[in-house]
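S.K.: Pasting in a structure now, in structure tokens, and then I'll have a few things to ask.
The values are calculated or read from the model by the stated rules, or taken from the named source; none is laboratory data. Every value quoted in this text rests on a predicted model; they were computed, and no experiment measured them. A quick note on method: Cβ atoms are made from the backbone with ideal geometry, for glycine too, and the neighbour counts reach across all protein chains shown. What goes into the accessible areas is simple: the full protein's heavy atoms, side chains included, and nothing from ligands, DNA or RNA. Shrake-Rupley method; radii C 1.70, N 1.55, O 1.52, S 1.80 Å.
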Amino acid sequence: MFIRIVKMSFYPEKVEDFLENFHNNKEHIRNFKGNTFLELYRDKSNKSVFFTYSIWESEEDLENYRNSELFTEVWTFTKALFNDKPQAWSVDKLESLP
């Protein structure tokens, strides 16, 4: 299992564009080979900051997605809306409590 967390900060007037694009592509991303989980979070104090949390079967699956036409289209659109550099973390789950 491979977990990827991405923090993105948008111009306030571009947030709705981002949300619409995410909505239009979320099923494609979630159904990409190797993706087993996808969630979108919004910061409580700054409504222009979002996080994606995705789980991949392997690091190779994430890299295949990142080299795909789908990622290129989604990321090209999304990065034009940023007001700050995105941050990404690749993490291993150590524990999970139900």
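S.K.: Just give me the residues in the range 39-72 being open to solvent by 90 Å² or more (accessible area, probe 1.4 Å) and over 13 Å from the mean Cα position of the chain (by Cα), in sequence order.
M.R.: Residues of the range 39-72 that are open to solvent by 90 Å² or more (accessible area, probe 1.4 Å), as a first pass: 41-42, 44-45, 47, 57, 59-60, 66-67, 69.
Hits for the range 39-72 are Lys44, Ser45, Lys47, Glu57, Glu59, Glu60, Asn67, Glu69.
S.K.: Ok, one more. How do the pairs read when you match residues in the range 65-89 that are part of a loop (DSSP other than H, G, I, E, B) with residues anywhere that are surrounded by 13 or more Cβ atoms within 10 Å (Cβ to Cβ) and hydroxyl-bearing (Ser, Thr, Tyr), using Cβ under 6 Å and keeping only pairs 6 or more apart or on different chains?
M.R.: Listed pairs, sorted by first residue: Asn83/Ser9; Asn83/Tyr11; Asp84/Ser9.
S.K.: Out of all the residues in the range 1-38, which are of a type in the set (Ser, Thr, Tyr) and either over 20 Å from Val91 (Cα atoms) or open to solvent by less than 40 Å² (accessible area, probe 1.4 Å) (or both)?
M.R.: Let us first name the residues in the range 1-38 that are of a type in the set (Ser, Thr, Tyr), namely 9, 11, 36.
Of everything in the range 1-38, those that are of a type in the set (Ser, Thr, Tyr) and either over 20 Å from Val91 (Cα atoms) or open to solvent by less than 40 Å² (accessible area, probe 1.4 Å) (or both) turn out to be Ser9, Tyr11.
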